[in-house]
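Data block below; observations after.
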Amino acid sequence: MNIYDLWFASVKMSNKIKNYLLKNFKSTREIYIHSIFNRDSIFVSKDYNKIYGELKKAWNRDKLESLLEYSLNEGIESVNSCAEKYPYRLKNYDDSPSVLFYKGNIDILNNVSVAMVGARDCSLYGKNVALLIGREISMNNLNIISGMARGIDGCCHRAAVENGGDT
């Protein structure tokens, strides 16, 4: 986790532009240095004034340092799209998240995974089926990708955790 990833994630611009910048500058720190101290080198399009303005506006050292301290205390880590640890499947898309925040082992995102989603207001039958399928998937060493919303998503997540699977 670093302050530059937090800053870059908070910049209001498309991930497509952010990923373009990361490919050219190789790190969020380099983007910061070039956008603050060498304005002319950052521009990638006719909207350069807007890009520069958004980069500059997002830098609030006090707020970012507070967020960094919180993240470190909570064990939250970050990885940007140029980092080696960034999930390789996401690198196939121009508009992938430029920065991911995570807890735990991010390397499992490169393993075989099954996405499980469903209704928030589900029936008892739906919950039981989600728990059963989630358990079977976990027991076969497949990752479960689901949200943590109430209903089916939460049941799938719970089934993975209760059965030693990854989610």
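Here are some notes:
The rows are residues; the columns are (1) surrounded by 13 or more Cβ atoms within 10 Å (Cβ to Cβ); (2) touching a Cys at 6+ places or on another chain (Cβ under 6 Å); (3) assigned to a loop (DSSP other than H, G, I, E, B).
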{"site": "Glu69", "(1), (2), (3)": "no, no, no"}
{"site": "Arg89", "(1), (2), (3)": "no, no, no"}
{"site": "Ser96", "(1), (2), (3)": "yes, no, yes"}
{"site": "Leu131", "(1), (2), (3)": "yes, yes, no"}
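- Unique match (being part of a loop (DSSP other than H, G, I, E, B), outside the structural domain of Ile17 (by TED's automatic domain parsing) and not charged (D, E, K, R)) among Ala83, Ala119: Ala119
- Matching residues in segment 120-129 - criterion: being surrounded by fewer than 17 Cβ atoms within 10 Å (Cβ to Cβ), farther than 11 Å from Ala159 by Cα and not aromatic (Phe, Trp, Tyr): Arg120, Asp121, Ser123, Leu124, Gly126
- Taking segment 131-151 as the range and being more than 22 Å from Pro87 (Cα to Cα) and either at pLDDT below 90 or among the charged types (D, E, K, R) (or both) as the test, the residues that pass are Arg135, Glu136, Ala149, Arg150, Gly151.
- Arg158 meets all of the listed conditions (1) over 28 Å from Leu22 (Cα atoms); (2) in the same structural domain as Ser35 (by TED's automatic domain parsing) but one, namely (2).
- Residue tally, condition surrounded by fewer than 22 Cβ atoms within 10 Å (Cβ to Cβ), over 22 Å from the mean Cα position of the chain (by Cα) and within 21 Å of Ala119 (Cα to Cα), over segment 138-161: 1
The values are calculated or read from the model by the stated rules, or taken from the named source; none is laboratory data. Source: prediction; values computed, not measured. Backbone-built Cβ (ideal geometry, glycine too); neighbour counts: all protein chains shown.
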